[in-house]
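K.L.:
Quick one: the structure is below, and I'll ask about it shortly.
The values are calculated or read from the model by the stated rules, or taken from the named source; none is laboratory data. Only a predicted model underlies this, so the values are computations on that prediction, with no experimental measurement involved. Glycine gets a Cβ as well: all are built from the backbone with ideal geometry, and neighbour counts include every protein chain shown.
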Amino acid sequence: MFNSFNQIQWEYLFNFELVRDSLPLLLQGLRISMVIALFSMIFALLLGLVIAIMRMSKHWIFHLPARVFISFMRGTPLLVFIFILYYGLPVIGVQFNNPIVAGIVGVSLNFAAYNAEVIRSAILSVPRGQWEAAESLQMGFPETMWRIIIPQATRIALPPTFSIFMDIVKGTSLTSIITVNELLYSARIVAGRTYESMTMYIAAALIYWVVCIIIGYFQQRLEKRYNRYLNQR
Amino acid sequence: MIDVINLKKSFDNTTVLESINFSVKKGEVVCLIGPSGSGKTTLLRCLNLLEIPNSGAIKMGDDQLTFSERKFKKNKLLTLRKYSGMVFQGFHLFPHKTVMENIIEAPLIVKKQSKAKLIKQGEQLLEKVGMIDHKDKYPDSLSGGQQQRAAIARALMMEPAIMLFDEPTSALDPQLVREVLKVIEGLAKEGQTMVIVTHEMNFARRVADKVLFIDGGFIVEEGPPEQVLDNPSHKQTKTFLQLLDDEQ
């Protein structure tokens, strides 16, 4: 099944020259991946906050749609959802002229459900006494939420939110299936042209990894900032 | 200052307070004592409207709120809540804000007062509770006693007519209890109207004008401290005080 060690053709495993030559194309793809990832994360966070608040409402008219949305989005694969958006919706007359837009919509909606659950659990983990203290000081719901609860919940939500962001960056690779010329798509083009699949997919994997390392660095810095009021004794 | 009329509170099918009637005059200090689960904290929380009574009425100053099972408008809460400031057993300072930010937060947001004026007022209050040196620290770096004194200053910043204390020293190490009680005694001397839930009987004896002994959701006995604490007339009060004596 395996070739013996000295039979491996190392130049097919990782061809540095090919990677160097195709780097401009890969970085162009990365730029599109990051555009999709950043827009998707912003929309997923905003929508996630709205859905989290709806989910915590006592009125069924708010919490029921939120629960169904979260259940559907978490229960269906992102790729299937992107297919529905891009290839399914034209059947009822909804057509995305730009596959990038379809990608952003798909990734945003799918990850909004995960963000909603992270935000909800972070808000719920702020001690009840904080709500009561603000209430006894005559602060209303919006002020309490914005000035007291959200800043504390943000600290709790930071690590899982950054994990979601990394998942989104990697999830953008699925949009290559609907012809978005992002990073994986660019790697596939070169691999198809040169038959150097291993080299190109390892190169793509390394680029995704580097991006996630950079995101992890920002996570650490933000965590440090949000933890500044703790453990000072 | 406060009139509590026929107050009743239940959670699901469990009645926690029943036929509660008492008054607090301006400048008076009332201590609520009683065994755990007797309803004293719930009564205090009803006065701050953190719990909504099922029936009865609460009158504070010129405003009265009547509660009934069916009709109750939540927006009326604020009218009554303005009269009181609450100090919790667990302090509940905002951990992401410094001591100064904690105490000016509510007047800044709710009363929309100027920040410069509030900081000046805050410094005077922190001086009074002995916390001026800690004004820029975060709660997590303070001892329990310091946190509770900051929490007292935070409640006082809203200039409430009545201060409500829910077992303010129960969460503290014994050596930190004194510094908090001293601040409360100082407020009593200044004529601040207060309702205090406490297990510190000597403190109640020193500071209270009136003591209410609550058991099983009822006010069993009420009167000046020398009467309720030293010569109780009800068997339940005697048993409770005897148990406390034995523990100490």
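K.L.:
Inside segment A:25-84, can you point out the residues that are touching an Asp or Glu at 6+ places or on another chain (Cβ under 6 Å) and either among the hydrophobic types (A, V, I, L, M, F, W, C) or more than 23 Å from residue A:209 (Cα to Cα) (or both)?
P.N.:
A:32
K.L.:
Now, a different point. Pairs, please: C-beta under 7 Å, at least 6 apart or cross-chain, first residue more than 18 Å from residue A:31 (Cβ to Cβ) and in segment A:196-214, second among the aromatic types (Phe, Trp, Tyr) and not in a loop (DSSP other than H, G, I, E, B)?
P.N.:
Hits for this filter: A:196/A:12; A:198/A:12.
K.L.:
Given the criteria buried (at least 18 other Cβ atoms within 10 Å of the Cβ) and within 10 Å of another protein chain (Cβ to nearest Cβ), does residue A:157 qualify? If you could, list the steps in order and put the result at the bottom.
P.N.:
Numbers: buried (at least 18 other Cβ atoms within 10 Å of the Cβ): yes; within 10 Å of another protein chain (Cβ to nearest Cβ): no.
Against the criterion (buried (at least 18 other Cβ atoms within 10 Å of the Cβ) and within 10 Å of another protein chain (Cβ to nearest Cβ)), residue A:157 does not qualify.
K.L.:
Now a separate question. Kindly provide the set of residues from segment B:42-59 that are among the aliphatic types (A, V, I, L, M), out of contact with any helix residue (DSSP H, G or I) (no Cβ under 7 Å at 6 or more places or on another chain) and under 22 Å from residue B:158 (Cβ atoms), ordered by number. Break it down into steps so the answer makes sense when it comes.
P.N.:
Within segment B:42-59, the subset among the aliphatic types (A, V, I, L, M) is B:43-44, B:47, B:49-50, B:52, B:57-58.
With out of contact with any helix residue (DSSP H, G or I) (no Cβ under 7 Å at 6 or more places or on another chain) added as a condition, the list becomes B:43-44, B:47, B:52, B:57.
Of everything in segment B:42-59, those that are among the aliphatic types (A, V, I, L, M), out of contact with any helix residue (DSSP H, G or I) (no Cβ under 7 Å at 6 or more places or on another chain) and under 22 Å from residue B:158 (Cβ atoms) turn out to be B:43, B:44, B:47, B:52.
K.L.:
Go through (1) closer than 23 Å to residue A:155 by Cα; (2) in a helix (DSSP H, G or I); (3) not aliphatic (A, V, I, L, M) one by one and return the number of the condition residue B:117 breaks.
P.N.:
(1)
K.L.:
Taking segment A:125-143, which residues are under 26 Å from residue A:219 (Cα atoms) and either of a type in the set (Asp, Glu) or more than 9 Å from chain B (Cβ to nearest Cβ) (or both)?
P.N.:
A:125, A:126
K.L.:
While we're here: Is it the case that residue B:211 is outside any loop (DSSP other than H, G, I, E, B), in contact with a helix residue (DSSP H, G or I) (Cβ under 6 Å, 6 or more places away or on another chain) and surrounded by 21 or more Cβ atoms within 10 Å (Cβ to Cβ)? Walk me through it before giving the result.
P.N.:
On the way: outside any loop (DSSP other than H, G, I, E, B): yes; in contact with a helix residue (DSSP H, G or I) (Cβ under 6 Å, 6 or more places away or on another chain): yes; surrounded by 21 or more Cβ atoms within 10 Å (Cβ to Cβ): yes.
Taking the combined requirement at face value, the residue satisfies it.
K.L.:
For segment B:106-145, which residues satisfy the criterion of being among the aliphatic types (A, V, I, L, M), without any contact (Cβ under 8 Å) to a residue 40 or more places away in the chain and within 9 Å of chain A (Cβ to nearest Cβ)? Please lay out each step first, then the result.
P.N.:
Within segment B:106-145, the subset among the aliphatic types (A, V, I, L, M) is B:106, B:108-110, B:116, B:118-119, B:125-126, B:129, B:131-132, B:142.
Now restrict to residues that are without any contact (Cβ under 8 Å) to a residue 40 or more places away in the chain: B:108-109, B:116, B:118-119, B:125-126, B:131-132.
Correct list: B:109 only.
K.L.:
Scan (1) surrounded by fewer than 16 Cβ atoms within 10 Å (Cβ to Cβ); (2) out of contact with any helix residue (DSSP H, G or I) (no Cβ under 7 Å at 6 or more places or on another chain) for the single condition residue A:227 breaks and write down its number.
P.N.:
Looking at each condition in turn, residue A:227 falls short on (2).
K.L.:
Working only within segment B:26-45, note down all residues that are more than 21 Å from residue B:181 (Cα to Cα) and either in a strand (DSSP E or B) or touching a residue at least 40 places away in the same chain (Cβ under 8 Å) (or both). Don't jump to the end; show me each part of the working.
P.N.:
From segment B:26-45, those more than 21 Å from residue B:181 (Cα to Cα) are B:37-39, B:42-43; that's our starting set.
B:38, B:39, B:43 - these are the residues of segment B:26-45 that are more than 21 Å from residue B:181 (Cα to Cα) and either in a strand (DSSP E or B) or touching a residue at least 40 places away in the same chain (Cβ under 8 Å) (or both).
K.L.:
Then there's this: Please enumerate the residues belonging to segment A:49-71 that are buried (at least 16 other Cβ atoms within 10 Å of the Cβ) and among the charged types (D, E, K, R).
P.N.:
Of everything in segment A:49-71, just one residue is buried (at least 16 other Cβ atoms within 10 Å of the Cβ) and among the charged types (D, E, K, R), namely A:55.
K.L.:
In segment B:124-166, which residues are within 21 Å of residue B:195 (Cβ to Cβ), acidic (Asp, Glu) and surrounded by fewer than 21 Cβ atoms within 10 Å (Cβ to Cβ)?
P.N.:
The one that is within 21 Å of residue B:195 (Cβ to Cβ), acidic (Asp, Glu) and surrounded by fewer than 21 Cβ atoms within 10 Å (Cβ to Cβ): B:159.
K.L.:
Report whether or not residue B:220 is modelled with pLDDT of 90 or more, more than 14 Å from chain A (Cβ to nearest Cβ) and not in a helix (DSSP H, G or I). Spell out how you get there, then give the answer.
P.N.:
On the way: modelled with pLDDT of 90 or more: yes; more than 14 Å from chain A (Cβ to nearest Cβ): yes; not in a helix (DSSP H, G or I): yes.
Yes, satisfied.
K.L.:
Regarding segment B:174-186, can at least one residue be identified that is outside any helix (DSSP H, G or I), within 29 Å of residue B:94 (Cα to Cα), touching a helix residue (DSSP H, G or I) at 6+ places or on another chain (Cβ under 9 Å) and more than 14 Å from chain A (Cβ to nearest Cβ)?
P.N.:
Step one: filter segment B:174-186 for residues outside any helix (DSSP H, G or I), giving none.
The answer is no; no qualifying residue exists.
So that you can scan it fast, the table gives a plain yes or no per residue for (1) out of contact with any Gly (no Cβ under 8 Å at 6 or more places or on another chain); (2) at pLDDT below 95; (3) closer than 15 Å to residue A:113 by Cβ:
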{"residue": "A:19", "(1), (2), (3)": "yes, yes, no"}
{"residue": "A:24", "(1), (2), (3)": "yes, no, no"}
{"residue": "A:39", "(1), (2), (3)": "yes, no, no"}
{"residue": "A:44", "(1), (2), (3)": "yes, no, yes"}
{"residue": "A:70", "(1), (2), (3)": "yes, no, yes"}
{"residue": "A:88", "(1), (2), (3)": "yes, yes, no"}
{"residue": "A:92", "(1), (2), (3)": "yes, yes, no"}
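K.L.:
Follow-up. Give B:7, B:65 a once-over and let me know the one that is away from chain A (no Cβ under 14 Å), in a strand (DSSP E or B) and either among the small types (Gly, Ala, Ser) or within 22 Å of residue B:221 (Cα to Cα) (or both).
P.N.:
Working: B:65 fails: either among the small types (Gly, Ala, Ser) or within 22 Å of residue B:221 (Cα to Cα) (or both).
Only one candidate passes the filter, namely B:7.
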